[in-house]
1. Out of the stretch A:118-144, which residues are under 21 Å from A:Leu97 (Cβ atoms) and without any contact (Cβ under 8 Å) to a residue 60 or more places away in the chain?
2. Considering only residues of the stretch B:118-141 that are of a type in the set (Lys, Arg) and assigned to a helix (DSSP H, G or I), which is surrounded by the fewest Cβ atoms within 10 Å (Cβ to Cβ)?
3. Can you pull out every residue in the stretch A:30-67 that is touching a Phe, Trp or Tyr at 6+ places or on another chain (Cβ under 7 Å) and aliphatic (A, V, I, L, M)?
4. Within the bounds of the stretch B:100-110, is there any residue that is in contact (Cβ under 8 Å) with a residue 12 or more places away in the chain, over 26 Å from B:Pro144 (Cα atoms) and buried (at least 17 other Cβ atoms within 10 Å of the Cβ)?
5. Considering the stretch A:6-55 alone, what residues qualify as being of a type in the set (Asp, Glu), closer than 21 Å to A:His72 by Cα and under 19 Å from the mean Cα position of the chain (by Cα)?
6. Would you pick out the residues in the stretch B:80-115 that are hydroxyl-bearing (Ser, Thr, Tyr) and either more than 7 Å from every other protein chain (Cβ to nearest Cβ) or under 21 Å from B:Glu142 (Cα atoms) (or both)?
7. Residue by residue through the stretch A:42-71, note down the ones that are buried (at least 23 other Cβ atoms within 10 Å of the Cβ), more than 7 Å from chain B (Cβ to nearest Cβ) and under 30 Å from B:Ser103 (Cα atoms).
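The values are calculated or read from the model by the stated rules, or taken from the named source; none is laboratory data. Computed from a prediction, not measured in an experiment: that's the story for all the values here. For neighbour counting, all protein chains shown are included, and Cβ atoms are generated from backbone atoms with ideal geometry for every residue, glycine included.
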2 protein chains.
Amino acid sequence: MSESPVRRFLPADGDYRWDAVELLRYKDEGAAPFRDVTRQTLFRRADMRGELRYFEVAANGHSTLERHEHAHAVLILRGGGEVLVGAAVFAINAFDLVTVPPSTWHQFRASADAPLGFLCMVDADRDKPQLPDASDRERLRESPAAAAFLAATRR
Amino acid sequence: MSESPVRRFLPADGDYRWDAVELLRYKDEGAAPFRDVTRQTLFRRADMRGELRYFEVAANGHSTLERHEHAHAVLILRGGGEVLVGAAVFAINAFDLVTVPPSTWHQFRASADAPLGFLCMVDADRDKPQLPDASDRERLRESPAAAAFLAATRR
């Protein structure tokens, strides 16, 4: 076995980190709009069909507004904030569960005072995200909750 | 959508529980030896190929000693204890990651003073666990660490 069965939780400077887990950019710079997000792949194995990742959004930061055919299964690990799922907005706090169904616009935003960290299970075999165009954004804004959420997202 | 995208974390009487998540027996009574374990399926969807479950082992309790062809990807969510993986034993604490490779004997045991709660990602499509027979146990006990772990497991 090339890797120990146990990899330690080793928080560093207030960030959630693990032994032998690389801290990655959330996405390549410029590929999609986001703010202050990191990504760590906790489990990805050739013999498993799911993957488990950890994302950390700095205070006031946000993930990309996107959708895709694959679903997300999310468990909030630290902090809180809000999530947009389709046309609805929900407050989220530590250990809450968030399901993002297929082909559903979604975006996570951290509260102003603390980082938002969450686990996200996805299929290893999955499609790439799509970004909204102007008409997609217009349709989303027909929901007052979604409009308020999008207006509050700092670029 | 039949279910809200967000299901709240609602701990009850010191146990980790979630809105709309059923608390289940770990296994059917008598099917396999274990002690004081509950199981909650946090995410199981027809359109995802992984599942995420939460297990809680009461203080001093333990999961079944077993192996199977599918792998486990575990994140400790609360408490601590020890885990046997193959012939090796590791201390585990909150947020540590544990990989159980295919066809590897494994057992989780909670410390004496607090429950051990962990997330476990598995493939939705997976084989059933096997229990050790006398010769499997004998082989495991060739490792002093495994022998000490098994001796300390209360029945």
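1. If the condition is that a residue be under 21 Å from A:Leu97 (Cβ atoms) and without any contact (Cβ under 8 Å) to a residue 60 or more places away in the chain, then A:Arg126 is the only one that fits.
2. In this case the residue turns out to be B:Arg139.
3. Once the filter is applied, which keeps residues that are touching a Phe, Trp or Tyr at 6+ places or on another chain (Cβ under 7 Å) and aliphatic (A, V, I, L, M), the stretch A:30-67 yields A:Val37, A:Leu42, A:Leu52, A:Val57, A:Leu65.
4. Among the residues of the stretch B:100-110, not one is in contact (Cβ under 8 Å) with a residue 12 or more places away in the chain, over 26 Å from B:Pro144 (Cα atoms) and buried (at least 17 other Cβ atoms within 10 Å of the Cβ), which makes the answer no.
5. Residues satisfying the conditions are A:Asp28, A:Asp36, A:Glu51.
6. Scanning the stretch B:80-115 gives B:Ser103, B:Thr104, B:Ser111.
7. The one that is buried (at least 23 other Cβ atoms within 10 Å of the Cβ), more than 7 Å from chain B (Cβ to nearest Cβ) and under 30 Å from B:Ser103 (Cα atoms): A:Tyr54.
Residue by residue, here is whether (1) surrounded by fewer than 18 Cβ atoms within 10 Å (Cβ to Cβ); (2) of a type in the set (A, V, I, L, M, F, W, C); (3) modelled with pLDDT of 95 or more holds:
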residue: A:Ala12; (1), (2), (3): yes, yes, no
residue: A:Leu23; (1), (2), (3): yes, yes, no
residue: A:Glu29; (1), (2), (3): yes, no, no
residue: A:Phe34; (1), (2), (3): no, yes, no
residue: A:Val37; (1), (2), (3): no, yes, no
residue: A:Ala73; (1), (2), (3): no, yes, yes
residue: A:Ala91; (1), (2), (3): yes, yes, yes
